[in-house]
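Sharing a structure below in structure tokens format, with a few things to ask.
The values are calculated or read from the model by the stated rules, or taken from the named source; none is laboratory data. What you see is a predicted model, and the numbers here were worked out from it, not measured in a lab. Please note: Cβ atoms are built from the backbone with ideal geometry, for glycine as well, and neighbour counts cover all protein chains shown. Please note that ligands, DNA and RNA were not included when accessible areas were found on the heavy atoms of the full protein model with its side chains. Shrake-Rupley method; radii C 1.70, N 1.55, O 1.52, S 1.80 Å.
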Amino acid sequence: MPDPLSEDLKQLLDDLPSGRLMGPCHTPHPVVWMSDGPVMGAADWWKRLHRRRSETGLYPLLLEYPDDSFEPVGGDYGAAADAASYFTSKWTDEAWPPFEEWPGLAAPAAPVTDIDVCAEALATAVVHDGRARCLALVQVSRGADAPAALSWLGMTNHMTVQELSAVLRSWEDRFGVRVVGLGHGSVYLSVAAPPTEVYQARVLTAEHYLACPDVFYEDPDLDWSTYHEELMKCREWRFWWD
């Protein structure tokens with residue numbers, strides 16, 4: 001028998017903008033809710049729901065549009081996958097100069113306390129710019145697991161969604177990253193603790209390239225030699241896969 005939704009969860013869903021549940025919504029599948037279209041005041045909704053995520057068990061995402069390709073699945077969301085192992089598997093002798101061999105993961109940034117503030121700032125910017133104004137809720141304990149829980153297909157041509165979630169978990173832990181939104185092939189990430197050392201930023205640049213080489217070819221004006229300098233200043237990472 002399907003697990004009944006709790007009364008508190010039913011009340012939360014009733015108070016949301018017009019939307020629908022997706023998938024089985026019972027163990028082992030996560031509860032997933034998605035708005036029917038763009039939401040008025042989407043950034044404010046995201047902020048309120050993000051602040052309540054520990055209470056509700058639901059992680060909010062901004063979406064570019066309602067995505068009916070989501071197929072909610074249960075499981076460990078690639079817990080057996082490891083970011084370092086993934087990067088090593090993608091490394092070649094010419095993967096990212098000036099490193100002749102895989103340098104290992106970039107060192108973690110110093111702990112910070114404004115992770116949620118940074119995430120909320122990006123949510124505001126993403127909605128204000130019109131990049132994503134639809135809303136979703138996913139029953140996961142951390143945002144990095146949301147793509148795997150949704151069977152998101154955006155990065156399919158380059159990596160598995162379990163590998164992506166493993167990489168995102170590693171960046172969450174090392175750089176205060178939070179998943180704010182998803183598009184057809186895009187991920188919007190807030191970064192509360194960007195790298196502060198040049199070598200650290202250069203290694204992180206290699207990680208970005210191994211995870212999403214398309215972003216380096218998307219912008220013809222992107223200067224690969226100074227990308228690491230941008231990482232030291234940027235509080236948002238956007239990845240896009242063709």
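Just one of (1) surrounded by 13 or more Cβ atoms within 10 Å (Cβ to Cβ); (2) without any contact (Cβ under 8 Å) to a residue 12 or more places away in the chain trips up Ser85, so point out which.
Single failed check for Ser85: (1).
Can you tell me which residue in region 211-242 is farthest from Glu163 (Cα to Cα), limited to those that are of a type in the set (A, V, I, L, M) and at pLDDT 95 or above?
Step by step, filter region 211-242, then rank; the result is Met232.
If you don't mind, there's one more thing I want to ask. Is it the case that some residue within region 190-210 is of a type in the set (Phe, Trp, Tyr), touching a residue at least 12 places away in the same chain (Cβ under 8 Å) and more than 28 Å from Arg48 (Cβ to Cβ)?
yes
Would a scan of region 154-172 turn up a residue that is crowded, with 18+ Cβ neighbours inside 10 Å, of a type in the set (Gly, Ala, Ser) and out of contact with any helix residue (DSSP H, G or I) (no Cβ under 7 Å at 6 or more places or on another chain)?
Yes, that holds for at least one residue.
For region 105-122, give me the residue count where each residue is among the hydrophobic types (A, V, I, L, M, F, W, C) and surrounded by 15 or more Cβ atoms within 10 Å (Cβ to Cβ). Break it down stepwise before answering.
Quick first cut of region 105-122, residues among the hydrophobic types (A, V, I, L, M, F, W, C) only: 105-107, 109-110, 112, 115, 117-119, 121-122.
Keeping just the survivors that are surrounded by 15 or more Cβ atoms within 10 Å (Cβ to Cβ) gives 105-106, 109, 115, 118-119, 121-122.
Counting residues in region 105-122 that are among the hydrophobic types (A, V, I, L, M, F, W, C) and surrounded by 15 or more Cβ atoms within 10 Å (Cβ to Cβ) gives 8.
Kindly indicate which of Ala192, Ala146 is open to solvent by less than 10 Å² (accessible area, probe 1.4 Å), touching a strand residue (DSSP E or B) at 6+ places or on another chain (Cβ under 9 Å) and closer than 30 Å to Ser6 by Cα.
So the residue among Ala192, Ala146 that is open to solvent by less than 10 Å² (accessible area, probe 1.4 Å), touching a strand residue (DSSP E or B) at 6+ places or on another chain (Cβ under 9 Å) and closer than 30 Å to Ser6 by Cα is Ala146.
What are the pairs, 6+ residues apart or on separate chains, where a residue within region 218-233 that is without any contact (Cβ under 8 Å) to a residue 60 or more places away in the chain and surrounded by 12 or more Cβ atoms within 10 Å (Cβ to Cβ) has its Cβ under 6 Å from a residue that is assigned to a helix (DSSP H, G or I) and of a type in the set (Val, Ile, Thr)?
Short answer, once both residue conditions are applied: Tyr227/Thr205; His228/Thr205.
Tell me which residues, restricted to region 195-217, are surrounded by 18 or more Cβ atoms within 10 Å (Cβ to Cβ) and under 19 Å from Cys118 (Cβ atoms).
Pro195, Gln200, Ala201, Leu204, His208
Select from region 182-239 the residues that are within 21 Å of Ala84 (Cα to Cα), among the charged types (D, E, K, R) and assigned to a helix (DSSP H, G or I) and list them in ascending order.
Result: Arg202, Glu207, Asp214.
If the requirement is being within 16 Å of the chain's Cα centre (by Cα), closer than 16 Å to Ser170 by Cβ and not aliphatic (A, V, I, L, M), which of these qualifies: Tyr86, Tyr77?
Tyr77
Then there is this: Is one or more of the residues making up region 118-126 over 18 Å from Arg174 (Cβ atoms) and polar (S, T, N, Q)?
Yes, region 118-126 contains a residue that is over 18 Å from Arg174 (Cβ atoms) and polar (S, T, N, Q).
Just to be sure, is Ser170 over 25 Å from His29 (Cβ atoms) and touching a residue at least 60 places away in the same chain (Cβ under 8 Å)?
Yes; evaluated as a whole, the condition is true for this residue.
Next question, about the same structure. Examine region 6-28 for a residue that is within 18 Å of Ala148 (Cα to Cα) and loosely packed, with under 12 Cβ neighbours inside 10 Å, and state whether such a residue exists.
Yes, there is a match, as at least one residue in region 6-28 is within 18 Å of Ala148 (Cα to Cα) and loosely packed, with under 12 Cβ neighbours inside 10 Å.
Scan region 107-157 residue by residue and report those that are closer than 24 Å to Pro194 by Cβ, over 16 Å from the mean Cα position of the chain (by Cα) and not in a helix (DSSP H, G or I).
If the condition is that a residue be closer than 24 Å to Pro194 by Cβ, over 16 Å from the mean Cα position of the chain (by Cα) and not in a helix (DSSP H, G or I), then Ala107, Pro108, Ala109, Ala110, Pro111, Val112, Thr113, Asp114, Asp129 are the ones that fit.
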